[in-house]
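The values are calculated or read from the model by the stated rules, or taken from the named source; none is laboratory data. Note that the coordinates shown come from a computational prediction; the quantities given were computed from them, not determined experimentally. Reconstructed Cβ throughout: ideal geometry from the backbone, glycine too, with neighbour counts over all protein chains shown.
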Ligand SMILES: Cc1cc2nc3c(=O)[nH]c(=O)nc-3n(C[C@H](O)[C@H](O)[C@H](O)COP(=O)(O)OP(=O)(O)OC[C@H]3O[C@@H](n4cnc5c(N)ncnc54)[C@H](O)[C@@H]3O)c2cc1C
């Protein structure tokens, strides 16, 4: 839908003259895509994007999944650009080990045998975000860069006042809407006291880019482990590979040009990341090399200078996602967990719904009830998404058999209930975040139930010194999911295996 019937340049419903209709704080993926969609929906809107950095550096958030792939490829129209300048991703793979595991070929594996069916990409965000911002400017947004928003004064239904600093000068601009796309800085949520750390999920992460990481599809590994190489028919190298252990997992994401992004995420209650005098990069290498697959892959690898990072206590949320005059998108609104790469899915939903809200107001629709619904939907989605998939997940993320079942159900239900929606019903489905509709409640309760049970079983295994007993020399290579209901039996099959596991083992932790 294209809406161009604005009230007049710089004139909101409040009647006064404003400098802009919309000011967007942050010009990275969330901010720039909001600008593109706003200008597409309302070509008359005067949109200002304020971006702090003069040039984007590399950042985490490199693996897309099916929803973010849809958003980038089809909604933003970047498919051609991504196919030419980035790597096409081939799903997710997991690598498990226990004390019997000697080498890469013994490590238990979960992943697709062939290539996947829907598009997604491995991104160098410094390149992609630059392109999205360039397209936002091309679409008519004004850009101030480098410029930093230092304060925002909100006035419900009125004029928002944004103070920004460029070089050494401070200016204020007035607008009808502020979009906070400032990422982890979460400027509005922190300034207004809405920001909440998620204390139930104390995860931390260290990451770096590397050169010389072994190629999963290369001759060196194929000659060393021929049976291992022949077992998989697709590309392992362009998958997001996950090397996992007790209470932690790591991502291995290849970037166009040969560098590899490798990082570890761990639950601080379970895993011990090395502390001490060594640099973060050296500690990361030491930690990952304890796993036989990590040791193999990193044996000749070196860190890219100045590109190692560390962040503690990853998840957080906000108590307000929108009001009459502001919206929060992407990481400025909340962050869950990097496992399964939901970050850019969250961007897809928050941006689409926020644009719809602003467009409704500009059209003159009464928006109080829309704002209330927006806040309820995103708050419910965050909570349910967390409880269904992530809460205590790190208890069992390193257990091959438990993760195999969880992964089949997590992924199968994601395809069935979430991914299918925009592909079948169009981009407007992205206005509805996962788990926010009542119809999704049974699925939420089901997912929360198996997630809780697997966490309990893993705790019990650890207590009985049986952690990781199925982690050696198993390989589960499957056909990746499709959007057909014919895949439902696979999900039911996994649920049946869960029931069997309860009878044979789970009873130990029923109390
Ligand atoms: C360890 C880890 C791994 C992850 N892996 C993945 C993954 O594989 N896949 C995935 O989808 N997601 C992943 N994510 C999440 C992903 O990184 C984020 O969801 C995504 O980068 C958020 O984009 P954004 O545009 O909202 O914010 P950002 O990319 O953080 O951009 C915010 C922008 O705002 C600007 N800014 C900030 N403050 C101001 C200010 N005051 N004035 C002006 N400009 C300002 C900044 O310069 C920046 O450009 C991961 C996150 C973590 C922590």
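Of note:
- Taken together, 288, 303, 284 contain a single residue that is within 17 Å of residue 214 (Cα to Cα), within 16 Å of the ligand (Cβ to nearest atom) and touching a helix residue (DSSP H, G or I) at 6+ places or on another chain (Cβ under 6 Å), which is 288.
- Just one of the numbered conditions (1) on the phi < 0 side of the Ramachandran plot; (2) at pLDDT below 95 is not true of residue 324: (2).
- A residue that is part of a helix (DSSP H, G or I), within 15 Å of residue 68 (Cα to Cα), within 16 Å of the ligand (Cβ to nearest atom) and assigned by TED's automatic domain parsing to the domain that holds residue 185 occurs nowhere in segment 354-369.
- Of all residues in segment 258-293, those satisfying the criterion of being closer than 24 Å to residue 221 by Cα and under 23 Å from the mean Cα position of the chain (by Cα) are 258, 259, 260, 261, 262, 263, 264, 284, 288.
- Within segment 41-93, the set of residues being away from the ligand (no atom under 15 Å from the Cβ), over 19 Å from residue 345 (Cα atoms) and not in a helix (DSSP H, G or I) comprises 42, 43, 44, 45, 46.
- Test result for residue 140, within 29 Å of the chain's Cα centre (by Cα), surrounded by 15 or more Cβ atoms within 10 Å (Cβ to Cβ) and more than 10 Å from the ligand (Cβ to nearest atom): yes
- Answer from 340, 382 - the residue that is part of a helix (DSSP H, G or I) and within 14 Å of the ligand (Cβ to nearest atom): 382
- For residue 14, the conditions (1) surrounded by fewer than 18 Cβ atoms within 10 Å (Cβ to Cβ); (2) modelled with pLDDT under 95; (3) closer than 20 Å to residue 260 by Cβ are fulfilled apart from (3).
- Qualifying residue in segment 343-350 (condition: within 14 Å of the ligand (Cβ to nearest atom), assigned by TED's automatic domain parsing to the domain that holds residue 254 and in contact (Cβ under 8 Å) with a residue 12 or more places away in the chain): no
- Positions within segment 306-331 being away from the ligand (no atom under 16 Å from the Cβ) and within 23 Å of the chain's Cα centre (by Cα), in sequence order: 319, 320
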